[in-house]
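For reference, the structure discussed in these notes is given below.
Read-outs throughout are calculated quantities, based only on the coordinates presented, and are distinct from any laboratory measurement. Treat the numbers as computed from the prediction; the structure is a model and nothing was measured. Ideal geometry is used to build each Cβ from the backbone, glycine not excepted, and the neighbour counts take in all protein chains shown.
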Amino acid sequence: MPIYVYEVVLPDDSGGEQFEVIQPMSAAALTTHPDTGEPVRRVFGTPNAPRAWTDSQARSATSDKNLGSKGFTKYVKTGDGTYEKAAGSGPKQIKRK
């Protein structure tokens, strides 16, 4: 369900406090504040449309430099049960017993 933004209509017809309401698209717009009963109107804002995720964005987000700066540690398998650190902090090597 979408999130709608409403604002309280002040006596001089200017906008007051804003609040969000989750309601179905089929529901009528609110005319009064659900808690206080004050008159309200729906505020139209910029739509939040999802963007396409590209391969270059994925490579950038999971790069060794970016992972290390975000506090993650990345290990790369170098042998049978052996992993070496590629990014971040932690032990240089992990070996499975």
Quiz item: What's the local net charge at residue 61, with K and R +1, D and E -1, over the other residues with C-beta under 15 Å away?
Solution: +3
Quiz prompt | Amide H contacts under 5 Å for residue 40, placed H, 5+ residues apart | solution = 9, 32, 33
Quiz item: So what are the ³J(HN,Hα) numbers for the stretch 76-81, from phi and the Karplus equation (6.51, -1.76, 1.60; θ = phi - 60°), rounded to whole Hz, Gly and Pro as x?
Solution: 10, 6, 10, x, 5, x
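Taking loop as defined by DSSP and a crowding limit of 16 other beta carbons within 10 Å, which chymotrypsin sites (Phe, Trp or Tyr not before Pro) in the stretch 19-88 fit?
Hits after loop and neighbour filter: 44, 53, 72.
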Quiz prompt | Equivalent ellipsoid semi-axes - Cα gyration tensor, the stretch 3-43, angstrom | solution = 18, 10, 9
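Quick one: net charge around residue 17, please, counting Lys, Arg +1 and Asp, Glu -1 for every other residue with C-beta under 13 Å from its C-beta.
Around residue 17, the surrounding residues sum to -3.
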Quiz prompt | Proximal charge balance of residue 35 [Cβ under 15 Å; K/R count +1, D/E count -1] | solution = -4
Quiz item: What base-10 log of the normalised intensity I(q)/I(0) is obtained for the chain from the Debye formula, alpha carbons as equal point scatterers, at q = 0.11 Å⁻¹?
Solution: -0.62
Quiz prompt | Placed amide H near residue 23: partners under 5 Å, 5+ positions off or other chain | solution = 4
